[in-house]
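As structure tokens, the structure follows; a few thoughts come after it.
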Amino acid sequence: PPWSGMIAAGLKPVENRSWPPPPQLIGQRLAIHAGKSLDSAALQVLGEHQELLGIPDGALDHSLARSAIVAVVTLRGAVRVADADRPDETLTPLQIGQPRRLRPHRILGGLPTPAALDAIRSPWAMGPWLWVLGDVQAIDPVPCQGAQKVWRVPDGAAAAVLEQLRGK
């Protein structure tokens, strides 16, 4: 939190990672998990840049679920980016709102060029890898212990997520 909540709200169309997605995940549905720790520095920065990021009033308050799956998305593809002005430097979430000119290095998963360029222009884009998300379906938080990187959702939590999705 709060990044997972911004994805669930449909506001954050990219997930910034230091590594590309495994090829077999592109085109697949992924569960978005809110970790157990709150990134309070990020929450403050998001509040400061609420208008720039298109975050409606009150949305930050509702993005704080912890240790739970909060949404399901489709991983549409990925884009490797660099800052055209500082090619050896990766931006961090605390640099949101600072001017930058990202450029694509590599596009994965057959992502159409216009979609890749839209991802790069997103104020949420930092890189070096942008995992481009689509078909966001927010759900009521499903308690679930998480893990680092990509992991398999335990059967009980997966069943609860699927039950909610069937109801939508």
### the range 47-82 versus the range 1-31: alpha-carbon centroid distance in Å
9
### Query
Could you state the principal axis extents of the C-alpha atoms in the chain, from the largest down, to the nearest angstrom?
47, 36, 26
#### Entry: Amide N proximity, the range 47-74 versus A41 label position 7 Å along Cα-to-Cβ, cut-off under 18 Å
47-49
### Query
Across the range 117-131, in residue order, what do the Karplus-derived ³J(HN,Hα) couplings come to in whole Hz, using 6.51 cos²θ - 1.76 cosθ + 1.60 with θ = phi - 60° and x for Gly and Pro?
5, 4, 4, 5, 7, 4, x, 8, 6, 10, x, x, 10, 9, 8
### Summary
Residues meeting the amide H criterion for A82 (H placed from the backbone, H to H distance under 5 Å, 5 or more places apart or on another chain) are R103, H105
#### Entry: Portion, in percent, of the accessible area of the chain that falls on carbon or sulfur, probe 1.4 Å
50
### Query
Tell me, what is the 1.4 Å probe accessible area of R29, in Å² to the nearest 10?
100
### Message
Between R103 and Q50, what is 0.36 nm times their sequence separation minus the Cα-Cα distance? Round to one decimal in nm.
### Response
16.6 nm
### Query
Given only helices, namely DSSP H runs of n ≥ 4 each adding -39500 (n - 2.57), what is the per-residue ellipticity at 222 nm of the chain, to the nearest 500 deg cm²/dmol?
-6500 deg cm²/dmol
#### Entry: Spatially proximal lysines relative to K36 (Cα-Cα < 19 Å; intrachain offsets below 8 disregarded)
K149
### Task
Provide the descending list of Cα extents for the range 120-167 along its principal axes, expressed in whole angstroms.
36, 26, 13
### Query
In what order, largest first, do D57, D118 sit by accessible area if the probe radius is 1.4 Å?
D57, D118
### Query
Hey, can you rank 143-152, 37-46 by average C-beta count inside 10 Å, highest first?
37-46, 143-152
### Summary
the chain accessible area per residue, 1.4 Å probe, protein heavy atoms, integer Å², reads 54
### Task
Provide the solvent-accessible area of W131, counting protein heavy atoms only and rolling a 1.4 Å probe, rounded to the nearest 10 Å².
10
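The values are calculated or read from the model by the stated rules, or taken from the named source; none is laboratory data. Since we're looking at a predicted model, the values are computed, not measured. All Cβ positions, glycine included, derive from the backbone under ideal geometry; neighbour counts span all protein chains shown. Note: areas computed on protein heavy atoms with side chains; ligands, DNA, RNA excluded. Shrake-Rupley method; radii C 1.70, N 1.55, O 1.52, S 1.80 Å.
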